[in-house]
Amino acid sequence: MTLLIKKNQTEYLEKDVFGKINPVGRDEFTAAGQKGFKASMMVEVWGFEYENQTEIKVDGKKMAIYRTYGPKSNGKVELYAGERVGKG
């Protein structure tokens, strides 16, 4: 997977990382909807690799990181990713 930061309108700075993909629960899906997102996944990455990137690309699909949690005691950060609702 790749963490992304926008350099300008068309270019991104990319950082390849290893992470564990987890599904999101019903509560997270609802909370994301209230923020204008459709939750797709929660990804755990090492805290030292995450540098406030705003988007993530997994299997060629680009998604916004709409919420983070951590770093946790194990050194990992949870990244909650999804698509903006109404995006065409």
*asked:* Among the residues of the stretch 54-64, are any out of contact with any Asp or Glu (no Cβ under 6 Å at 6 or more places or on another chain), at positive phi and of a type in the set (D, E)?
replied: yes
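So, in the stretch 55-88, of the ones that are of a type in the set (D, E) and surrounded by 14 or more Cβ atoms within 10 Å (Cβ to Cβ), which residue ends up nearest to L4 (Cα to Cα)?
Step one: list which residues in the stretch 55-88 are of a type in the set (D, E), which gives 55, 59, 78, 83.
Now drop any that are not surrounded by 14 or more Cβ atoms within 10 Å (Cβ to Cβ), which leaves 55, 78, 83.
Details: E55: 5, E78: 16, E83: 15 Å.
Checking each candidate, the answer is E55.
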*Which of the residues belonging to the stretch 31-46 are surrounded by fewer than 16 Cβ atoms within 10 Å (Cβ to Cβ) and at pLDDT 95 or above?*
W46
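Here is a list: N52, N22. Which entry is surrounded by 11 or more Cβ atoms within 10 Å (Cβ to Cβ) and out of contact with any Gly (no Cβ under 9 Å at 6 or more places or on another chain)?
Details: N52 fails: surrounded by 11 or more Cβ atoms within 10 Å (Cβ to Cβ).
Just a single option satisfies the conditions, and that option is N22.
The values are calculated or read from the model by the stated rules, or taken from the named source; none is laboratory data. Remember, it's a predicted structure, so these values are computed and weren't measured experimentally. So basically every Cβ, Gly included, is an ideal-geometry build from the backbone, and we count neighbours across all protein chains shown.
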